[in-house]
Amino acid sequence: MTPDLSAIVEEAYRVFGRYRPAASTLSVCHCNCCMTEDVERELIKTPLRQIPADLLAEYTNSAHDWDDGPVAREMRYFLPRYFELIALNHPPDTMGLDICLRRLGQADWRAKWPETEEKFIDRFFDAVLVASLPRLDLVEWPAGWWLDFDLTDVLTMIVTADGDLARALAAWDRASDPPAAIHMAALRHQVMREGGRTYLHSAYLAGDHDAAADAIGTFLSRPEVDRRLEEVFFTVTDPRLQKIISDAMMS
């Protein structure tokens, strides 16, 4: 976790520190596919900062309904731990990072939550995106080498949580190269052009979030990105990264 992201996580515990869940129950589903009462009791009794990712994932999977009263307060109680686990690369969701904050998309938090909370959430999204850019570890696939971390996951999380995508993209645009440009290159292979659209292909964005997918596709297809990739190519010494960049320039 970067120092900036660590500071924001600590701030989250202050910003949302006044919220508490009900003393003995959570607003969760207890069907056979969701949370057992034993797990519910364990989640309630575990100190917030000590809740492990797999236990909080049970809440992510089982908390379905939404209201602007007890449920909203309960979600905001857990939110700092969500942010911390995301920052530690342990997203509390059995499906992964992409939609682990999808419940925020139901909250209409921009209109209904205090301005301090609204602004803080946007800052967190900016910080987690920028902190993800130095993740340049490579993995070998049958088609060649590729980045092990896919920034699509962060972008999808922001969109499905009703984050400010334009703001997040601007933070990416301002970030330092070569990492920022390398991730731009890596995502270009997921940009599709069909039916008059240029969009980022993501299973979680298709349909409900087409406008966001279009915005990301347009962002990655700008001439400024071509120029940026060309400049970065000559500063990168790893031939595997050079191949990712050169492929992106030809796409």
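A few points about this structure:
- Scanning segment 137-152 for residues that are surrounded by fewer than 18 Cβ atoms within 10 Å (Cβ to Cβ) and not aromatic (Phe, Trp, Tyr) yields Asp137, Leu138, Val139, Glu140, Pro142, Ala143, Gly144, Asp148.
- Segment 3-41, subset closer than 26 Å to Glu115 by Cβ and among the polar types (S, T, N, Q), residue surrounded by the most Cβ atoms within 10 Å (Cβ to Cβ): Ser27
- A Cβ distance below 7 Å, combined with a sequence gap of six or more or placement on separate chains, defines the contacts here; from segment 132-158, residues that are acidic (Asp, Glu) reach residues that are not in a loop (DSSP other than H, G, I, E, B) in the pairs Asp148/Leu138; Asp148/Val139.
- Counting only helices (runs of 4 or more DSSP H) that sit completely within segment 1-103, zero hold 2 or more residues that are farther than 27 Å from Asp153 by Cα and in contact with a Cys (Cβ under 7 Å, 6 or more places away or on another chain).
Read-outs throughout are calculated quantities, based only on the coordinates presented, and are distinct from any laboratory measurement. This is a predicted model, so every value here is computed, not measured. Reconstructed Cβ throughout: ideal geometry from the backbone, glycine too, with neighbour counts over all protein chains shown.
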